[in-house]
Amino acid sequence: MYDVHQIRADFPILGRTVYGKPLVYLDNGATTQKPRCVVESITGEYYNTNANVHRGVHFLSQQATELHEASRETVRKFINARSADEIVFTRGTTESINLLAATFSQSQMEAGDEVIVSVMEHHSNIVPWQLQAMQRSIRLRVIPMDDQGNLLTDEYEKLFSEKTRLVSVAHVSNVLGTVNPVREIIATAHAHGVPVMVDGAQSIPHMPVDVQALDADFYVFSGHKVYGPTGVGVLYGKEEWLDRLPPYQGGGEMIQHVSFEKTTFNELPFKFEAGTPDYIGTTGLAKALDYVSAIGMERIAAYEQELTRYALQRLREIPGMRIFGEAAERGGVISFLVGDIHPFDMGTLLDRLGIAVRTGHHCAQPLMTRLGIEGTVRASFGLYNTREEVDALVAGIERVRKMF
Ligand code: PMP
C-alpha cells in the first residue's frame, strides 16, 4: 500500500496554509519540498560533523569525508553506475551541462561539428551549447516533435552526419511531460558512433533510472528536484568518457601536483570538483535518495502515473481546456491554457486559493514557439500529491474560469 498521508507527514511544509488556505503545492517541476530526514541531516551535520573534506587528518574532517564519499556511493547505487568514480558532484543540472558543454566541445569538437538536441529542451540544455558554439562555431541540430509532443524518431535519424559529435536530450520534458524514448535515442546515436547526454532533471524524481541499462554516456540531474537540498547535483559520465575530458574549473581538490611550470590533475571524479564541495548538500542528497528508495521508485512512478491519469481526466472536463502534451508515455507534468485566460492571471488567482502552480515559458522558449504560444500554466506532481489536491486544482480553475 502506498500511504500518501503517511508520506505527507514527513514533509512539514505541506501542513502550512497560505492566505488562510491549505497549501496545495503543484510546482514540483520547479523544486520539491524536503522531508524531515533531509533537513535534519543538514542541521545535524552542521551541528556535529562540520569540517572540510579530503585533506584533514583530524577526526571531524575524516568523518565529514566519509559521509561525503558515502553519498557518492548512494548516488552510484541509485542510478546503477558501474563505479563511484563516475559520479561528479556539481551545483545542479545546469552546472552539469555547462561542465560537459565546455569540456566536451573543447576536447572533442572542431568548427563545423554538430550537437543534436530536441525542440523540447530546457534552456539549460540549449544555451550552454550556444555559448560553446559562439567560440568554436559548432552547430545545433534540433529533433522536431509532433503535435502530441512525441519526438519524431525518423527525423532524428536524418540529423546524423559525419559532423555529429553528441546528442543531448531531456529524459522527461518539463513542459509537456513527455517521457522520451531515451533508450532508443541512445541506441540510434551509438549506431552512428555518437555519445549521448541525458538531462534527467525531470525523470530522476519520478521513475527508476539505470544508466547502464540505458547505456547513457552522460546523465545529469539536480538534488533539489528529488527532495534533496538546493545547490547540489550530479554529472554521471562513463569513466572512459570522463577520462577523455579536460578539467572544467581549476583550484583545490582537482590537482595532483602544482608548480608554476606544470600542474597535474587529480583522478576521477575529483578532476572535475574544484574547490570545497557542498559536502553538507551531498549528505542531504543521499538522505533524499535513501528516502525515495525506501518508498520505492517503482511505487512512486505507479502512484504518480495514476494521479496524472486522474488529473488529465478531470482537467479535460473543464470547458475551454487545452492541454499541451498528449504523448502516450508521459509523466506528472501538465501544461494547459483555459479559453483565452492569460496564464499569469490563472496562476495568480489560483495562488489566492492556496494552489501553487507555475506560469510562463518554463525556460523552454523554443518549445513555446513550436506550440505557437507565449506560455502555459503548469501543474507538476510529486510523490506527496493527492487526488484531493487535483480536485482543488480543478475547482480552482473552474472558479477562475467563471470570473472571466
Ligand atoms: N532541465 C530540465 C528538464 C529542467 O526541468 C530543469 C529545471 N527546471 C533544468 C534542466 C535546470 O535545473 P537546475 O535549475 O536545477 O539546474
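Here, each number is a calculation from the coordinates, and none is a lab measurement. None of the values given here were measured: they were computed from a predicted structure. Note that each Cβ is placed from the backbone with ideal geometry, even for glycine, and that neighbours are counted across all protein chains shown.
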How many angstrom lie between the Cα centre of the range 102-161 and the Cα centre of the range 162-190? 10
What does the charge dipole of the chain about its Cα centre add up to, to the nearest 20 debye, if the Cβ of each Lys and Arg holds +1 and the Cβ of each Asp and Glu holds -1? 940
Quick one: helix 93-108 against the long Cα principal axis of the chain, what's the angle to the nearest 10°, folded into 0 to 90? 40
Coil-residue trypsin sites (Lys or Arg not before Pro) of the range 282-359, DSSP, other Cβ within 10 Å capped at 15: none
Filtered hits (aspartates and glutamates, Cα-Cα < 13 Å from LYS271, offset >= 8 within chain) -> ASP85, GLU86, GLU239, ASP243, GLU253
Ranked list, fewest to most other Cβ atoms within 10 Å of each Cβ, for THR49, THR263, THR283, THR230: THR263, THR230, THR49, THR283
Could you go through the range 3-15 in sequence order and give the Karplus-derived ³J(HN,Hα) for each residue, using 6.51 cos²θ - 1.76 cosθ + 1.60 with θ = phi - 60°, rounded to whole Hz, and x for Gly and Pro? 9, 5, 6, 5, 4, 4, 5, 7, 10, x, 5, 5, x
Based on alpha-carbon centroids, what's the gap between the range 302-316 and the range 67-97 in Å, whole number please? 32
Compute the angle between helix 279-295 and the longest alpha-carbon principal axis of the chain, please, reported from 0 to 90 degrees and rounded to the nearest 10. 50
Computed over the Cα atoms, what is the radius of gyration of the chain divided by 2.2 N^0.38 Å, N being its residue count? 1.01
The ³J(HN,Hα) series, computed from each phi in the range 321-331 with the Karplus coefficients 6.51, -1.76 and 1.60 at θ = phi - 60°, rounded to the nearest Hz and given as x for glycine or proline, is 6, 10, 9, 9, x, 10, 5, 5, 8, 9, x
Taking 4 °C and 1.567 mPa s as the conditions, I'd like the Stokes-Einstein D for the range 263-402 in µm²/s, using the Kirkwood hydrodynamic radius from alpha carbon pairs. 73
Neighbour-count ranking [beta-carbon atoms within 10 angstrom, fewest first] of PHE270, PHE265, PHE381: PHE265, PHE270, PHE381
ASP27 long-range amide H proximity, modeled H, under 5 Å: SER380
Cα to Cα, under 17 Å, and not fewer than 8 places away if on the same chain: which lysines meet these conditions relative to LYS34? LYS225, LYS287
Taking every other residue with Cβ under 15 Å from the Cβ of ARG316 and scoring Lys and Arg +1, Asp and Glu -1, one gets +1
Identify all lysines with a Cα-Cα distance to LYS163 below 27 Å; exclude those on the same chain that are fewer than 8 residues away in sequence. LYS238
Check each of the GluC sites (Glu not before Pro) in the range 279-372 and keep only those in coil by DSSP with at most 16 other C-beta atoms within 10 angstrom; list them in order. GLU317, GLU326, GLU329
Rounded to the nearest 20 debye, what is the charge dipole size of the range 196-247 about its Cα centre when +1 sits on each Lys and Arg Cβ and -1 on each Asp and Glu Cβ? 240
Quick one: what are the phi-derived ³J(HN,Hα) couplings along the range 381-393, Karplus 6.51/-1.76/1.60 with θ = phi - 60°, whole Hz, x for glycine and proline? 9, x, 5, 9, 6, 10, 4, 4, 5, 4, 4, 5, 4
Long-range amide H contacts for ILE355: which residues qualify at under 5 Å (H placed 1.01 Å from N, peptide plane, sequence gap of 5 or more or a different chain)? VAL24
Specify which residue in the list THR263, ALA311, ALA301 is farthest towards the positive end of the charge dipole of the range 196-324, using unit charges on the beta carbon of Lys, Arg (+1) and Asp, Glu (-1), about the Cα centre. ALA311
Would you grab the residues whose amide H sits under 5 Å from the one on TYR227? Only those 5+ places off in sequence or on another chain, please, with H modelled 1.01 Å from N. THR32
